[in-house]
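Colleague: Can you read through this structure? Questions will come right after.
Quick note: the coordinates plus some simple rules give every number you see, no bench work behind them. Note that the structure is a prediction, hence the values are computed from the model and not measured. In this analysis, Cβ positions are derived from the backbone assuming ideal geometry, glycine residues included, and neighbour counts consider all displayed protein chains.
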């Protein structure tokens, strides 16, 4: 039995409490070892380092109390069941090393914490202030301590001053956040284990082979999006088109202008325009307009904006950016990165941070210029997005030491973006000129841009536009035609997906969270459903097969609407509008209904997956040698038949535009890089089989 009682002002009601007012022993639980050390350093310079095996923990002794700071290493407990088969809705939280053999490293951390819990009177969850951190601390206190003696510390950076402030204002545990986090874990676990077991059972029923497959509440709709997108790319047939450009002379300046209705469909039409210009040899200036455009700075970073910029500028994957940002946070260099907010806290001392940043040589001149430009009035531009737990990402002013190249690149992005939000607008001069042939039949246009005042672009130079200067011109003025050009090009397929594109899609449709999206994307690659190439994301046969099976036999599982519905329900749990039990009961009903329908077709599912996994050849295959799809019609599988139909449908357009025979058409598009893979496979088969007429 604990020998001490809670203070008179019960912190579990509405009052905040200082950690220094708790008499006896208080255990502070950090989420990561580096965070534990930062907390110890912030609370006292006279802490003692102790060790359990190789794991450090920290002790601060006062007159009548002791504070102990120890660490988890992320989730020390995971959901697990001993029930075989499916559906399964019986589970419990167990040490992670029991649920996952790869997590044996957590065992000594649990042993240490269990020992410390037994000797302490109060407990403070000082894990990251988000859903995951709330769940990590809650589970540890529930299993090893006493929830009635538990407190929560809330901070958004590992700066000493902020840590001290949070431990002077401890609150009760954030139960709405805990319930929302438990809901997400339990919901995703039920969804994943039941559907994954069903798919694996289908394979085993058909082949007697044990193959590891997985599906997930957010993972599967995301895979469906990528499969649909990539199939359309692989079915793409480029169409020829023509652009007409003219080079005209103004004094000593050469000006290139494009035909206003580019692209032109038929090469004959492009040649008519070219002939007209070469005969008349002049262009008339139809209009010349100049305008000044002002552009506000971009808002401070939230996690997804940072991930997008790092992908665009450095080619980093979302997961890589997230991991690096978390490393910078643990070094107290930036605020908490897993945030959706585009707003800075009004209580932040902006000037103090800038003064500290100015001690870094790379930013000294920029800070000086910013303070001069703003006259010291630091009012940040902010975005619309908010996060109830954390502000936008900002540099703390702590000086970095020994950063890797990649860590510095992310840190540099964050610092420069922070500087830019205080800077004046950028002012660009935009020019638009229109020209016409002497008979006013054909119009051409060009544009120019120059930077009048760089403003925020000085600090965040990654968005600096390319300048294009145009001389001044007067309407009615004649310009001599120097050259006329016709360029043949082809329509382009949608761009190859990058991981950041997948993350943005997830964010736009409202599935997953800031913390989980990058992890889910990586799982799709780990499972072998998607592949990384130099050009971007590609599909595997297994990825296509999983989606074909789910789409055919239980399509609700790939529904963004269903996934989003449960996201909304969990948001309601966070707001206290709904209970965890209500959400989980709804999920159990949906999963049970889906699996009942699935079981009626389990043999068909297993056979379809076996084909995609090359576990059987006992079926009528697509005539395309590299394809493992079922023969659908004319010997093609469904997808290759779509490619075949595309070939026939698009030939008429090619014939009109270029006057080509069908065989020449096939030969031409087979050589174009932008032609879809499935289309090229059909062409190769057609040519080899002599079926081209």
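Colleague: Measuring from label point to label point, each 7 Å out along Cα→Cβ, what is the residue 663 to residue 205 span in nm?
Modeller: 5.1
Colleague: Quick one: helix 541-553 against the long Cα principal axis of the chain, what's the angle to the nearest 10°, folded into 0 to 90?
Modeller: So the helix axis and the longest Cα principal axis differ by about 80 degrees.
Colleague: Computed over the Cα atoms of region 638-689, what is the ratio Rg over Rh, Rh following Kirkwood?
Modeller: Using Cα coordinates only, the ratio equals 0.94.
Colleague: Expressed as an acute angle from 0 to 90° and rounded to the nearest 10, what is the orientation of the C-alpha long axis of helix 267-280 relative to the principal long axis of the chain?
Modeller: Result, in degrees: 70.
Colleague: Here's something else I'd like to know. Please pull out the direction-averaged projected area of region 539-693, using the convex hull of its alpha-carbon atoms, in nm² to one decimal place.
Modeller: Result: a mean projected hull area of 13.3 nm².
Colleague: How much length is gained if the chain between residue 585 and residue 399 is pulled fully straight, taking 0.36 nm per residue apart and subtracting their Cα-Cα distance, in nm to one decimal?
Modeller: Taking 0.36 nm per residue and subtracting the Cα distance, the gain is 61.9 nm.
Colleague: Quick one: if the Förster radius is 25 Å, what FRET efficiency do residue 672 and residue 268 give, using the C-beta to C-beta distance and rounding to 0.05?
Modeller: Efficiency, rounded to the nearest 0.05: 0.70.
Colleague: Sequence gap at least 6, Cα distance under 8 Å: using those rules, report the relative contact order of the chain to the nearest whole percent.
Modeller: Answer for the chain is 15 percent.
Colleague: Once all Cα-Cα distances of the chain are split into 10 Å bins that start at 0, what whole-number percent is in each one?
Modeller: Histogram of Cα-Cα distances, whole percents per bin: 3, 12, 17, 19, 19, 14, 9, 5, 2, 0, 0.
Colleague: Assuming R0 = 25 Å, what is the FRET efficiency of residue 323 and residue 374, from their Cβ-Cβ distance, to the nearest 0.05?
Modeller: Efficiency for this residue pair is about 0.15.
Colleague: Compute the helix-to-body angle for 560-574: its Cα long axis versus the longest principal axis of the chain, expressed 0 to 90° and rounded to tens.
Modeller: Helix 560-574 sits at roughly 30 degrees to that axis.
Colleague: Ok, one more. Compactness ratio of region 19-173: Cα Rg over 2.2 N^0.38 Å, N = residue count?
Modeller: 1.07
Colleague: Could you check the simple spin-label distance between residue 633 and residue 261, using points 7 Å along Cα→Cβ, in nm with one decimal?
Modeller: 3.7
Colleague: Would you kindly work out the equivalent ellipsoid of region 149-295 from its C-alpha gyration tensor and give its semi-axes, the square roots of five times the eigenvalues, largest first in whole Å?
Modeller: Taking √(5λ) for each eigenvalue gives 62, 36, 10 Å, largest first.
Colleague: When the helices in the chain are scored as -39500 (n - 2.57) per DSSP H run of 4 or longer and the sum is shared across all residues, what 222 nm value do you end up with, to the nearest 500 deg cm²/dmol?
Modeller: On the way: 22 runs with 300 residues, N = 693.
Dividing the helical sum by the residues of the chain leaves -14000 deg cm²/dmol.
Colleague: Additional query: Specify the inter-centroid distance of region 165-196 and region 450-468, based on alpha-carbon positions, in whole Å.
Modeller: 44
Colleague: Hey, another quick one. Using 1/(1 + (r/R0)^6) with R0 = 22 angstrom and r between the beta carbons of residue 232 and residue 509, what's the FRET efficiency to the nearest 0.05?
Modeller: 0.80
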